[in-house]
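Submitted below is the structure of interest, expressed as C-alpha cells.
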Amino acid sequence: MYSKDEIVNEAKQLGKMMGETEQVEFFKKAEAKIHENKDVREKMASLKSLQKQAVNFQNYGKERAYNLTEEKIKKIEAELDEMPIVSQFKESQGQVNELLQMVSHAISQTVTNDIITSTGGDLLQGETGAAMRNRPNQGN
C-alpha cells in the first residue's frame, strides 16, 4: 500500500522527468523567442487590451463597438498566426499537451485495469468483478 504523500512525490519526480524531455525543451525555447520578439509582444498587448474592451462593450450592451472590437481582435490574431515564431510556439505547446495527455491516460488506464483485475473482473468487458457478479442473469 502506498500513501498519498508517496504518490505525490512520485508524481513530482515524473513531472521533473517530463520537464527534461525534448518536447518541453522545444517549448521553453519557443516561449523565450516569443517573449524576445518585440512585434509579438506589441501585438499580444494590443490583443489583451482589445479583449478587455470587448468584454466591457458586451457588458454595457454596446453592440456596434463590441463588433468592431471583435473584428480588430480577429485581425491581430490572424497576423499573429501568420508569424512563424508563433506557429512554432503553438506547435510546441501542442506537443507538451500531448505528452501530458498521454501520461494522464496511461495513469488512468493503469489504475482502471488494476481495479478490474484485482476484483476478478473482465478487462475486455471493462467490468469489475463486483459488476459482473451483480449483473442480472441473461439467460445463462
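Every number in this text was worked out from the coordinates using simple rules, so none of it is lab data. None of these values were measured; they are calculated from a predicted model. Don't worry about glycine lacking a Cβ; one is built from the backbone with ideal geometry, like all the others, and counts go over all protein chains shown.
Quick one: is residue 54 without any contact (Cβ under 8 Å) to a residue 60 or more places away in the chain and either loosely packed, with under 14 Cβ neighbours inside 10 Å or not charged (D, E, K, R) (or both)?
Taking the combined requirement at face value, the residue satisfies it.
Another question, if that's okay. Going by the structure shown, is residue 120 over 30 Å from residue 43 (Cα atoms), surrounded by 10 or more Cβ atoms within 10 Å (Cβ to Cβ) and without any contact (Cβ under 8 Å) to a residue 40 or more places away in the chain?
The answer is yes for residue 120.
In addition: Of the numbered conditions (1) in contact with a Phe, Trp or Tyr (Cβ under 9 Å, 6 or more places away or on another chain); (2) farther than 30 Å from residue 103 by Cβ, residue 71 fails exactly one; give the number of that condition.
Result: residue 71 fails condition (1) only.
What are the residues in the stretch 1-41 that are polar (S, T, N, Q), more than 18 Å from the chain's Cα centre (by Cα) and part of a helix (DSSP H, G or I), if any?
Across the stretch 1-41, the qualifying residues are 9, 13.
From 94, 61, grab the single residue that is loosely packed, with under 15 Cβ neighbours inside 10 Å and not in a helix (DSSP H, G or I).
Criteria check complete, one pass: 61.
Now for a separate question. If I filter the stretch 73-87 for residues that are under 23 Å from residue 35 (Cβ atoms), surrounded by 11 or more Cβ atoms within 10 Å (Cβ to Cβ), of a type in the set (D, E, K, R) and touching a residue at least 12 places away in the same chain (Cβ under 8 Å), do I get at least one hit?
Yes; the residues of the stretch 73-87 include at least one that is under 23 Å from residue 35 (Cβ atoms), surrounded by 11 or more Cβ atoms within 10 Å (Cβ to Cβ), of a type in the set (D, E, K, R) and touching a residue at least 12 places away in the same chain (Cβ under 8 Å).
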